[in-house]
1. Please give the contour-minus-distance gain from E224 to R88: 0.36 nm per residue of separation, less the Cα-Cα distance, rounded to one decimal in nm.
2. Given the C-alpha centroids of segment 16-30 and segment 69-145, what is the distance between them in whole angstrom?
3. Pop a pseudo-label 7 angstrom from the Cα along the beta-carbon direction at both K268 and Q81 and give the gap in nm to one decimal.
4. Using only DSSP helix segments of four residues or longer, with each worth -39500 (n - 2.57), what per-residue ellipticity at 222 nm results for the chain after dividing by its residue count and rounding to 500?
5. What accessible area per residue, rounded to a whole number of Å², is obtained for segment 1-69 using a probe radius of 1.4 Å?
6. Taking the Cα of Y120, stepping 7 Å toward and past its beta carbon, and measuring to each backbone N in segment 253-270: which are under 14 Å?
7. Using a probe of 1.4 angstrom, how much of the accessible area of segment 191-291 is carbon and sulfur, in percent?
8. Could you pull out the GluC sites (Glu not before Pro) across segment 1-31 that fall in loop regions by DSSP (anything but H, G, I, E, B) with no more than 10 other Cβ atoms inside 10 Å?
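The values are calculated or read from the model by the stated rules, or taken from the named source; none is laboratory data. These numbers come from a predicted model, not from an experiment. Reconstructed Cβ throughout: ideal geometry from the backbone, glycine too, with neighbour counts over all protein chains shown. SASA here: full protein model, heavy atoms, side chains in, ligands and nucleic acids out. Shrake-Rupley method; radii C 1.70, N 1.55, O 1.52, S 1.80 Å.
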Amino acid sequence: MLIYVDGEYFSPEEAKISVFDHGLLYGDGVFEGIRCYNGYVFKLDEHLERLYDSAKSLMLKIPIPIEAMQEATLETLRRNQLREGYIRLIVTRGIGDLGLDPDKCHNPSVIIIADKITLYPQHYYENGLEIVTVSVRRNYPEAINPRIKSLNYLNNILAKIEGKQSGAVEVLMLNIDGYVAECSGDNIFIVKDEMIITPPAHLGILEGVTRNCVITLAREAGFEVEERVFTRHGIYIADECFLTGTAAEVIPVVKLDQRVIGNGEPGKVTQKLIAAYRHYANNFGTRIFPE
Ligand code: PMP
């Protein structure tokens, strides 16, 4: 495997950053997780845009332009001969001293790792997930805005830890006001009376690239989609529920907090969207290798 670090390629053993990098010391940096399917990178422009937007919000200047980042991403995939896989882009604040001051970090680092992905087991897609609500609330946007995909993922990790204690593979997180926000690493949707509903981004969620793609695909398939605020009660009484994310794609949820959602099986709308998503992912995107 070859890993890109600041313009050069290294083996996993040789790919290193400093212990004084503020990405390590303070979680000061940003990242993206991207998939490629069948030789196509899924929504590369959207992921790069979110990466640069996240960095801008943190006043972190990414040292290379977006076009160079795109080319470095594709080149990393090519050097690793990957047509199916997962790409992790990381930009750290760079080397500083032991204080917080980001202005003392003069050279942000760019890291690109491309690897094979471990897929969620097929039975989750066939039978659906059982999830629970955790007590950890999603970060308050005026403290650490969840729209920034930063290297500080402790909020999500704390939620994940709590979920694992009750045997759940994914967890529901509420925002500070008790509204449904998102899951530890996925966005959430419900279906009620043929209407597809998902929380609006301003509620304090990561605006998922998969989420946005699924909204478009659903509208193209003739469904009505609304971004609307709702509580857990809305999920308990929904006809269907599903999650979206780069790793999970579109995955059905059949139970929340021991309540059976709908008839307890992956719903028809969810199944349609899973198929539409897979078709899109395998046939569209940025080509890794020239034809
Ligand atoms: N929410 C959170 C907190 C996430 O970490 C992710 C995964 N990046 C998502 C939602 C889904 O976003 P995407 O579809 O862009 O992967």
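1. Working: separation 136, 0.36 × 136 = 48.96 nm, distance 3.30 nm.
Using 0.36 nm per residue and subtracting the Cα-Cα distance, I get 45.7 nm.
2. So the separation of the two Cα centres works out to 14 Å.
3. About 4.7 nm, to one decimal.
4. The helix contribution divided over the chain gives -8500 deg cm²/dmol.
5. On the way: 3410 Å² over 69 residues.
Roughly 49 Å² per residue, with all protein chains present.
6. Taking a point 7 Å out along Cα→Cβ of Y120, the residues of segment 253-270 whose backbone N falls under 14 Å are 253-256, 266-267, 270.
7. Values: 2260 of 4640 Å².
Reported share for carbon and sulfur atoms: 49 percent.
8. Working: sites: E8, E13, E14; in loops: E13, E14.
Counting only loop positions with at most 10 other Cβ atoms within 10 Å, the GluC sites (Glu not before Pro) in segment 1-31 are E13.
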